[in-house]
Every structure is written in C-alpha cells, then in structure tokens.
Amino acid sequence: MGTLGADVSVATAISGSGQAAGYNIFDSSPNPIFRAFLYSSGSMTGIQSDSLFPSGTQAHGINGSGEVVGEGWLTSSSFHAFLYSGGRMVDLGGGYQATASAINDAGQIVGNGTTAGAFLYSNGKMVSLGVPSGANSSYANAVNSTGQIVGTIYFSGQPSHAGLYSSGTWSDLGAFPGASGTSATGINTAGKIVGTAVFPIKSYHPFRPGKHVGFIYRNGVLVDLNALIPSNSGFTITDAIGINDSGQILCTATNTSGNAHAVLLTPK
C-alpha cells in the first residue's frame with residue numbers, strides 16, 4: 001500500500017467496497033508524527049488537515065462511501081474526533097480528548113470523548129450514550145449497519161464488562177471468568193458480537209503481561225474462540241478484532257513459538 005514517504009504505515013480499517021484507512025508514522029524528534037490516509041483504487045492519499053490538526057491525525061474507521069473517522073491532534077496532549085468526507089476533514093469536537101472509533105454505511109459515528117463519554121454522532125449531532133445502571137463509565141468500539149453499538153462498561157473497583165448499546169439502552173454482556181477486563185470489539189449486521197478478555201499482569205519485574213483471550217458472544221455466554229478451532233491448529237487466539245456479515249472473525253493469534261500472527265476464522 002505504500003507509506004507516502006513515512007517510516008511506517010498502519011492500516012486500521014477496510015470497507016465493504018475495498019477501501020482502507022489508517023495512518024503513516026514519520027520519525028521526528030522528540031515525538032513521531034501521525035498522518036491519516038485513505039487507500040482507494042490502488043492508491044494511497046494523505047487526508048491530513050494541517051489547519052485543523054497541526055499535530056497530526058490517525059484514522060480508525062471507514063464506511064462503504066469512503067468516509068473516514070478518527071482522531072486529530074490539536075496539540076501534543078489534546079485531540080478531537082474527526083470525519084473525512086467528500087475530500088474535506090471536519091472537526092467533530094468531543095472535548096479535550098476525543099476519538100471516533102467507527103462509522104457505518106448510514107454515516108453513524110461512534111467514539112469516546114471527555115465531554116459526552118461514549119457517543120453517537122449522527123445528522124450533525126453528538127449524543128452521549130450514557131452509563132448503564134451500576135457502572136461509572138462506558139466506551140464505544142464499533143457500530144453495525146443497524147446502529148447497534150458494542151464496547152466496554154466500567155465499574156468502580158471491579159473488572160470491566162463487554163457491553164451492547166441497542167435501542168437506547170446498554171446491556172451488560174458480562175465478563176470473561178477470571179479476566180481483569182472484558183471488551184466487545186466488533187458486531188455484524190446479524191448482531192453477532194466478538195471481543196477480547198485481558199487477564200491480570202503476572203509480574204512487573206521482570207515484566208510478564210497477562211494473557212489475552214478472544215471470544216464470541218453466543219446464547220448469552222462469552223465463548224472462548226480457542227474452544228471452537230481445531231486443537232492442532234498451531235495457534236492460540238489472543239484477540240478478536242472484528243466480525244463481518246459472513247461470520248468471519250479477524251483475530252490476533254500466537255503460534256507455537258509465541259510469535260503473533262493475524263488470522264481469519266471462517267465458520268464451517
């Protein structure tokens with residue numbers, strides 16, 4: 001896909017029409033510079049707006065119309081959600097620190113900010129998704145074509161839970177047993193949900209991170225994806241990134257040597 005002269009390029013999202021979005025990283029002292037891009041028809045185009053976001057941009061989502069969303073940095077510490085549409089980037093605001101996570105084909109945008117918390121941006125208006133009963137905050141990760149949103153529900157002094165926001169209400173999908181945090185990361189049109197559970201850090205010195213487990217939500221239960229693949233596959237699913245309308249799940253997995261790979265799970 002290229003780099004537009006950057007040191008590193010990172011693709012973060014792809015649409016149903018085959019367009020992709022992401023950001024390039026330019027090595028600049030003392031901090032790297034990020035610049036969002038749109039990849040379409042075999043060509044990468046930079047969509048950075050220096051006038052709006054002089055400190056850089058990162059793209060996180062794209063829809064079938066080629067509209068891109070992400071975060072734009074006003075300074076080294078302050079950033080806003082943005083929408084790139086029709087060749088123009090728009091600052092959506094969202095507070096001192098805000099980011100847009102995803103956009104569906106209806107143009108509905110979900111994200112998180114310091115003003116509205118988890119939000120839905122639609123028809124020029126940003127609306128807070130609120131907080132479920134008993135929780136102290138929520139986080140939106142993905143939205144499907146019908147406007148259902150998945151993310152994370154946070155509780156004071158307790159592990160986070162995967163959450164679904166539908167018809168104006170949050171539903172607590174629960175936590176993976178033993179995990180310190182559970183988050184829903186993807187949802188398709190049929191409402192099938194995937195996510196990742198993170199377990200406690202084993203040791204800080206020397207640093208040994210806790211394990212990750214990718215899951216799918218089935219019949220009211222969070223199911224370990226490792227239980228649904230052949231035991232001799234040679235891979236351990238650590239993170240579920242997203243799920244498409246064919247039921248294919250994009251994951252991160254480690255092989256027997258402990259090296260991370262991108263893998264695609266396809267239903268039988």
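No lab work stands behind these numbers, since they all come straight from the coordinates. What you see is a predicted model; the values in this text were computed from it and never measured. Every residue, glycine among them, receives a Cβ derived from its backbone with ideal geometry; neighbour counts consider all protein chains shown.
I'd like the FRET efficiency for ALA106 and ASN244, computed as 1/(1 + (r/R0)^6) with the beta carbon distance as r and R0 of 22 Å, rounded to 0.05.
On the way: r = 17 Å, r/R0 = 0.77.
After rounding to 0.05, the efficiency reads 0.80.
What is the gain in length, in nm to one decimal, between SER65 and GLN158 on full extension, counting 0.36 nm per residue of separation less the C-alpha to C-alpha distance? Could you put the intermediate results ahead of the total?
Numbers: separation 93, 0.36 × 93 = 33.48 nm, distance 4.01 nm.
The span from SER65 to GLN158 would gain 29.5 nm if fully extended.
Which lysines, if any, have their Cα less than 30 Å from the Cα of LYS211, not counting same-chain residues under 8 positions apart?
Of all the lysines, those that pass the test against LYS211 - Cα under 30 Å, at least 8 places apart if same chain - are LYS192, LYS202, LYS268.
Using only the Cα atoms of region 58-123, construct the convex hull and provide its projected area averaged over every direction, in square nanometres to one decimal. Walk me through the numbers on the way to the answer.
Values: hull surface 15.8 nm².
The Cα convex hull of region 58-123, projected and averaged over all directions, gives 4.0 nm².
Can you tell me the dipole magnitude for the chain around its Cα centre, using point charges on the Cβ only (Lys, Arg +1; Asp, Glu -1), in Debye to the nearest 20? Let's see the in-between values first.
Details: 9 positive and 11 negative charges, 98 e Å.
I would put it at about 460 debye.
List the relative contact order of the chain as a percent without decimals, with contacts defined as Cα pairs under 8 Å and 6+ residues apart.
Details: 741 pairs, mean separation 20.9, N = 268.
RCO, the chain: 8 percent.
Quantify how much of the Cα-Cα distance distribution of region 66-194 extends past 24 Å, in percent. Provide the component values of the computation, followed by the final result.
On the way: 2229 of 8256 pairs.
Cα-Cα pairs in region 66-194 separated by more than 24 Å: 27 percent.
Any idea what diffusion coefficient the chain gets from Stokes-Einstein, in µm²/s, Kirkwood Rh on alpha carbon pairs, 25 °C, 0.890 mPa s?
Values: Rh = 19.2 Å.
My calculation gives 128 µm²/s for D.
Using Cα pairs under 8 angstrom and six or more residues apart, how large is the relative contact order of region 70-223, in percent?
On the way: 396 pairs, mean separation 18.4, N = 154.
Result for region 70-223 is 12 percent.
Charges only on Cβ, +1 for Lys and Arg, -1 for Asp and Glu: so what's the dipole of region 89-215 about the Cα centre, in debye to the nearest 20?
Numbers: 5 positive and 3 negative charges, 78 e Å.
For this selection, approximately 380 debye.
Pick out, from THR146, ALA179, SER51, the residue whose Cα sits farthest towards the positive end of the charge dipole of the chain, with +1 on the Cβ of Lys and Arg and -1 on the Cβ of Asp and Glu.
Projecting each Cα onto the dipole axis, the largest value belongs to ALA179.
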